[in-house]
Amino acid sequence: MSAKPRVAIHKFASCSGCQLAFVNMGAELIELTKLVDIAHMAEVGHVLSEDEDMDIAFVEGSITTPHDVERLKKIREHSRFLITMGACATSGGIQALRNNADTAEWMRSVYAKPEFIHSLSSSGAIANYVKVDFELWGCPVSVRQMLAAVRAFLFGVTPPNLREKVCQECKRRGNNCILVTQGAACMGPVTRTGCGALCPSFGAPCYTCYGPAENINVGSFGRRLMGLGLSQEQVLRKFASINNAAPAFSDAAKLFCSEPWMEE
Ligand code: SF4
Ligand code: SF4
């Protein structure tokens, strides 16, 4: 048996993009395998049962079925630390948009035999079901943050929980603000940091994949977006996106759903 700490990467309802980001990390992956034993990761063919004891369990994906709940509880029971990996696991993901509709109705319209489908009525974040030791946001997750989390837990410390806004990272990189100079509907002022301000650095607006930042004023920012020419519905859709079920963004979506919110 390996003397190195054991790491598992588990998948629930997700596109596997976070796992692919992990596999694609390149030379750093070799460095990581010197520190830990990647004991379970079905994506690359290492498959163990959820009953195996692990030092760190990364969990990708949201919880959508009763079977998912059972699996997750087993994983939690057998893991020293459990870390969510990406937007699906941390806030419920894009698939949580279905929480605003009637799941039974959806199943009837999609499946010929809906009675064979065992689905929960919502797509839920991992923290809705078990204790989570640390959350990694992003869609996909940042491998740099993932490695930092592994190192921190191996040294017995909790990784820093960075919640500042993408704008702060963007400014540190010396970018011209595309919201101010081009009127682009960039969501950096309400989105948490972690991506390195990737999209704005290439002239593309931020689209909330790291979830809500600290101390945000969604009403005021939505008013700013409407001042750029977006309709109330377009503002709503900006928040009802990848992290739509994160409380600050779902509150924002509800705010801009209410009629009429702003006439001017
Ligand atoms: S967070 Fe994004 S990239 Fe990761 S599994 Fe979910 S949808 Fe895919
Ligand atoms: S481009 Fe976007 S992220 Fe960068 S400073 Fe402007 S609003 Fe913020």
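Just so you know, all these numbers are worked out from the coordinates, no wet-lab data involved. These numbers come from a predicted model, not from an experiment. All Cβ positions, even for glycine, are placed from backbone atoms using ideal geometry, and neighbour counts span all protein chains on display.
Say the dipole of region 6-154 comes from +1 at the beta carbon of Lys and Arg and -1 at that of Asp and Glu; which of Ile83, Ala57, Gln95 then lies farthest toward its positive end?
Among Ile83, Ala57, Gln95, the one farthest towards the positive end of the dipole of region 6-154 is Gln95.
Quick check for you: which residues of region 41-56 have the amide N under 16 Å from the point 7 Å beyond the Cα of Lys74 toward its beta carbon?
41-42, 47-54
Could you calculate the contour length gain from Asp251 to Leu97, that is, 0.36 nm times the residue separation minus the distance between their Cα atoms, to one decimal place in nm?
Stretched fully, the Asp251-Leu97 segment lengthens by 54.1 nm.
Only Cα pairs within less than 10 Å get springs; with that Gaussian network setup on the chain, which residue of Lys11, Lys165, Lys254 has the largest fluctuation?
Comparing Lys11, Lys165, Lys254 in a Gaussian network model of the chain, the most mobile one is Lys254.
Please give the length that would be gained between Arg172 and Ala42 if that part of the chain were fully extended, namely 0.36 nm times their separation in residues minus their C-alpha to C-alpha distance (nm, one decimal).
That pair, Arg172 and Ala42, stretches by 43.0 nm at full extension.
Dividing the convex hull volume of the Cα atoms of region 6-154 by its residue count, what figure in Å³ per residue is obtained?
Given the Cα convex hull of region 6-154, per-residue volume reads 107 Å³.
Go ahead and set up a Gaussian network model of the chain, Cα springs under 10 Å, then flag whichever of Glu115, Glu31, Glu135 fluctuates most.
Sorting by GNM fluctuation, first place goes to Glu115.
Cross-link partners among aspartates and glutamates for Lys131, C-alpha distance below 12 Å, same-chain residues fewer than 8 apart left out?
The reachable aspartates and glutamates, counting only those whose Cα sits under 12 Å from Lys131, are Glu77.
Could you put Arg172, Arg98, Arg6 in order, starting from the residue whose Cβ has the fewest other Cβ atoms within 10 Å?
Fewest-to-most Cβ neighbours within 10 Å comes out as Arg172, Arg98, Arg6.
Label points 7 Å out from Cα along the Cβ direction at Ala127 and Arg237: separation in nm?
It is 2.9 nm.
Which value in deg cm²/dmol, rounded to the nearest 500, describes the helix-derived mean residue ellipticity at 222 nm for the chain, given -39,500 (n - 2.57) per DSSP H run of n ≥ 4 and division by the residue count?
Taking each H run of at least 4 residues, the total per residue is -10000 deg cm²/dmol.
Note down the relative contact order for region 166-257 as a percent, whole number, built from C-alpha pairs under 8 angstrom at least six residues apart.
Answer for region 166-257 is 25 percent.
Just to confirm my numbers, what's the Cα centroid distance between region 78-137 and region 19-37 in Å?
Centre-to-centre distance over Cα atoms comes out at 27 Å.
Using the count of nearby Cβ atoms within 10 Å as a rough guide to exposure, how do Tyr207, Tyr111 rank from fewest to most?
Ascending Cβ contact count within 10 Å gives the list Tyr111, Tyr207.
Efficiency by 1/(1 + (r/R0)^6): what FRET value for Leu228 and Glu115, r their Cβ-Cβ distance, R0 = 51 Å, to the nearest 0.05?
Calculated value: 0.60.
Provide the convex hull volume over Cα atoms per residue for the chain, in Å³.
143 Å³
In the chain, what percentage of the DSSP-assigned beta bridges are antiparallel, given to the nearest 5?
Counting DSSP beta bridges with both partners in the chain, the antiparallel share is about 25 percent.
Using 24 Å as the Cα-Cα cut-off, could you pick out the over-long pairs in Lys165/Lys238; Lys113/Lys254; Lys73/Lys113; Lys11/Lys165; Lys165/Lys254?
Lys113/Lys254; Lys73/Lys113; Lys11/Lys165
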